[in-house]
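Data block below; observations after.
The values are calculated or read from the model by the stated rules, or taken from the named source; none is laboratory data. The structure displayed is predicted, hence computed values, not measured ones. Note: ideal-geometry Cβ built from the backbone for every residue, glycine included; neighbour counts use all protein chains shown. Protein only, heavy atoms only, side chains kept; ligands, DNA and RNA dropped before computing areas. Shrake-Rupley method; radii C 1.70, N 1.55, O 1.52, S 1.80 Å.
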Amino acid sequence: MKMLASMAGSGRDRDPLVVGRVVGDVLDAFVRSTNLKVTYGSKTVSNGCELKPSMVTHQPRVEVGGNDMRTFYTLVMVDPDAPSPSDPNLREYLHWLVIDIPGQEVMCYESPRPTMGIHRLVFVLFQQLGRQTVYAPGWRQNFNTKDFAELYNLGSPVAAVYFNCQREAGSGGRRIYP
């Protein structure tokens with residue numbers, strides 16, 4: 001009986017953001033309260049999916065749920081595995097920052113170009129307290145999503161999604177010749 005109870009577990013331990021260590025490395029646990037849809041061309045980002053660098057060269061289309069145009073959001077896109085998952089000493093690398101959604105890009109989109117290992121690229125959406133209450137940091141490396149949210153009183157995220165990205169196959173590495 002005990003074994004069955006432990007096997008059932010809670011829904012949280014099967015949450016892809018927990019399994020993929022996004023909760024922990026980038027975010028604290030939160031409850032999603034807004035829809036977030038991120039699309040590169042015809043490919044919609046789903047937690048843990050793999051997208052190659054060639055698929056993410058252009059900034060994605062982002063749709064945020066809710067019809068209240070008086071509500072503003074901040075979107076951050078970070079790589080917690082920079083420059084490599086085994087030594088993420090630039091954690092988190094800020095790839096994109098948009099504030100006052102639907103509104104203003106304050107840190108232009110920089111496409112992911114991982115050179116070593118599989119990188120998680122995380123989109124985090126926060127609801128703002130008002131307009132023009134968030135500002136861009138002066139750097140991209142060693143960004144900290146939790147500290148950023150605290151600095152601007154953004155509270156917990158309202159949505160998040162991530163994908164995995166690694167360098168294109170055949171773009172380097174060892175070659176064996178017959």
Check: Does segment 17-56 hold any residues that are out of contact with any strand residue (DSSP E or B) (no Cβ under 9 Å at 6 or more places or on another chain), under 23 Å from Leu90 (Cβ atoms) and not small (Gly, Ala, Ser), and which are they?
Finding: Asp28
Checklist line | Considering residues of segment 114-153 that are among the small types (Gly, Ala, Ser) and surrounded by 13 or more Cβ atoms within 10 Å (Cβ to Cβ) only, the residue nearest to Gln166 (Cα to Cα) | finding: Gly117
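Yes/no matrix, rows are residues, columns are (1) over 15 Å from the mean Cα position of the chain (by Cα); (2) more than 25 Å from Lys43 (Cα to Cα):
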{"site": "Ser86", "(1), (2)": "yes, yes"}
{"site": "Tyr93", "(1), (2)": "no, no"}
{"site": "Leu97", "(1), (2)": "no, no"}
{"site": "Gly103", "(1), (2)": "yes, no"}
{"site": "Gln132", "(1), (2)": "yes, yes"}
{"site": "Gln141", "(1), (2)": "no, yes"}
{"site": "Thr145", "(1), (2)": "no, yes"}
{"site": "Leu151", "(1), (2)": "yes, yes"}
{"site": "Val158", "(1), (2)": "no, no"}
Check: Taking segment 22-42, which residues are open to solvent by less than 80 Å² (accessible area, probe 1.4 Å) and more than 12 Å from the chain's Cα centre (by Cα)?
Finding: Gly24, Ala29, Phe30, Thr34, Thr39, Tyr40, Gly41
Next item on the list: Check Met55, Met77 and return the single one that is crowded, with 21+ Cβ neighbours inside 10 Å, of a type in the set (A, V, I, L, M) and free of Cβ contacts under 8 Å to residues at least 60 places away in the same chain.
Entry: Met77
Notebook entry, point to check: Does segment 99-106 contain any residue that is of a type outside the set (S, T, N, Q) and buried (at least 23 other Cβ atoms within 10 Å of the Cβ)?
Noted result: yes
Item checked: Hits in segment 25-39 - residues which are under 21 Å from Asp68 (Cβ atoms) and touching a Ser or Thr at 6+ places or on another chain (Cβ under 6 Å) -> Phe30
Notebook entry, point to check: In this structure, is Phe123 in contact with an Asp or Glu (Cβ under 9 Å, 6 or more places away or on another chain) and either modelled with pLDDT under 95 or among the aromatic types (Phe, Trp, Tyr) (or both)?
Noted result: no
Next item on the list: Return a yes/no flag: does segment 45-62 have any residue that is among the polar types (S, T, N, Q) and under 21 Å from Phe148 (Cα atoms).
Entry: no
Notebook entry, point to check: Can you name the residue in segment 110-130 that is among the polar types (S, T, N, Q) and under 22 Å from Lys37 (Cα atoms) and is also nearest to the chain's Cα centre (by Cα) among such residues?
Noted result: Ser111
